[in-house]
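The block underneath contains the structure these notes are about, expressed in structure tokens.
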Ligand code: PEP
Ligand code: MN
């Protein structure tokens, strides 16, 4: 691997190099540059991978040219490092301080040592481009009356004597350096900081409103600096640092609001806060798993991997839902009696389908329509489950019945009419049973997902979403099957997505074409109504497949699945 190159301002032994060693260790090559502009230019021209620039010092405040360069250069900030700086007076030979006639150093270093320099009588103070560069000059000129203010590292490198030390006006003199690079820091560290620059609207209270946004979002500011707007006299650029990373939703929302309160806003970079520890050889170790706790549980942003639901039972092969295979659930709309259920279950079993549907508690539009057999219906479903070795699904309509239904079935069903029965959803959330949640007939996809969230929130993570048609002005079909919901949901959520073409269309002839379309659209499966004798069905006969149609349906779907997989 090629060793990364870092452009620093100053010669070998400069404080920038010290900061760089603190940040990277010896794993990089430092390329000395005469000026901050050259550091930036070197990164921009790809001569180096990183540039290191001092940004602020605890004694003298901001290093103004760095701020201006940040705005002009378009190089993102990718890191920071803080070093404690202690200045030494270096000369060729040990001797009395008052024999020194000229002192060279970088202006920033000179201005951190004002008290010491005031006491240097008969001595000329000469600003130079660099501290280490000044040490190099003293070393080369062989004049015992000249000295440099630089680091003890520079004394070693240039073979000079330290004739005075701790020259800074106050102890604990620290400089914060930033690292710039052509590509932003991709990783998100636990303790991150973001730097921005903005100009305010030219209105009373403009800066107050900007700062208020941070207050409203509870974001901690760590630095505010203003610099003159060079082309608009008496206007300012404000540079602001705050805690947080732009990949966090909170920070993104805050930035959006900030745009409304500013004329100009530029994000200079999000980067790890300096913790005093050197960056590890493999910085991944420090990488923070992004905090996703504010995102909805259903969302793919929160959980990338698709949810896979496995049905298991002793002596039976497991059934995997959402694992890439297309799952078919089939059976009558309602459980009407033993003969009807068993004859239909037999057809289902022979077709190779593993999950039998059958409603025992029926949410009917009219109170005079057949309401289902209740617990008797569940008992029959249970018998069919044992006799035909099938998994079963049945609807629960009331929070009080959840426990009862859950004792009988392998999957609980929540019907369209109950999609927003939040008490029911809350109750179901407390169980471990998989749930097939149907979309309400006038529910938006967002509302649908939020209903799933009710269940997930309580800890039941095994939710299957089912598109079953929505109400539109169309009257030929019972509902309008919204197949666009399938790819949209698959994008937004990790939950498996099913389609119910029986209720979605209300017409048995549409069940096969719509199931094919659902498969092609990426659904994880379908739930369809089948009756051994649809004309005699107590509910939804029109949309139930008869045995022949069902056979054809299975053959066609298997063929399509094969085709789509090749
Ligand atoms: C059902 O599947 O039997 C049913 C009543 O469906 P939906 O809730 O979609 O109307
Ligand atoms: Mn039905």
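For the stretch 12-168, what relative contact order do you get, as a whole percent, if you take Cα pairs closer than 8 Å and at least 6 residues apart?
30 percent
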What is the distance, in nm, between label points placed 7 Å from the Cα along the Cα-to-Cβ direction at residue 299 and at residue 509?
4.5 nm
Work out, step by step, the length gained on full extension between residue 246 and residue 430: first 0.36 nm times the residue separation, then minus their alpha carbon distance; give nm to one decimal.
62.7 nm
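Got the relative contact order for the stretch 91-242 handy, in percent, Cα pairs under 8 Å and 6 or more residues apart?
After rounding, I find 21 percent.
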Computed label-point distance, nm, for sites residue 476 and residue 389 using a 7 Å Cα→Cβ extension:
4.5 nm
Roughly how many nanometres apart are two label points built 7 Å out from the Cα toward the Cβ at residue 364 and residue 221?
6.7 nm
Checked the chain against the a/c 1.5 cut and the a/b vs b/c comparison, axes a ≥ b ≥ c from its Cα gyration tensor; verdict prolate
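Evaluate E = 1/(1 + (r/R0)^6) for residue 457 and residue 317, where r is the Cβ-Cβ distance and R0 equals 41 Å; express this FRET efficiency to the nearest 0.05.
For R0 = 41 Å, the calculated efficiency reads 0.80.
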By counting other Cβ atoms within 10 Å of each Cβ, how are 222, 200, 505 ranked from fewest to most?
222, 200, 505
Could you order the peptides 458-470, 89-101 from most to least packed, using the average number of other C-beta atoms within 10 Å per residue?
458-470, 89-101
Using only the alpha-carbon atoms, how far is helix 131-141 inclined from the longest principal axis of the chain? Give it as 0 to 90 degrees, nearest 10.
30 degrees
Angle, helix 547-565 long axis vs. longest principal axis of the chain, Cα atoms, 0 to 90°, nearest 10?
20 degrees
What is the packing order of peptides 16-29, 149-162, 310-323, taking the mean over residues of other C-beta atoms within 10 Å and listing the highest first?
149-162, 16-29, 310-323
Nearest 10 degrees, 0 to 90: what angle lies between the long axis of helix 15-24 and the longest principal axis of the chain (Cα atoms)?
30 degrees
Would you mind ranking 191, 531, 202 so that the residue whose beta carbon has the fewest other beta carbons within 10 Å leads the list?
202, 191, 531
Using the beta-carbon distance between residue 444 and residue 72 and R0 = 56 Å, what value does 1/(1 + (r/R0)^6) give for FRET efficiency, to the nearest 0.05?
0.75
How high is the relative contact order of the stretch 410-566, given as a whole-number percent (alpha carbon pairs under 8 Å, six or more residues apart)?
16 percent
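For the residues 131, 84, what sequence is obtained by ranking on other C-beta atoms within 10 Å, fewest first? Display every interim value, and only then the final one.
Working: 131 30, 84 13.
Going from least to most buried by this count: 84, 131.
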Could you give the length gained on full extension between residue 266 and residue 143, defined as 0.36 nm per residue of separation minus the Cα-Cα distance, in nm?
39.3 nm
Could you work out the helix-only [θ] at 222 nm for the chain, with each DSSP H run of four or more residues adding -39,500 (n - 2.57) and the total divided by the number of residues, to the nearest 500 deg cm²/dmol?
-9500 deg cm²/dmol
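FYI, it's all coordinate maths here, none of it is from the lab. These figures come from a predicted structure and were not determined experimentally. Methodologically, a virtual Cβ is constructed for each residue, glycine included, from the backbone with ideal geometry; neighbour enumeration extends over all protein chains shown.
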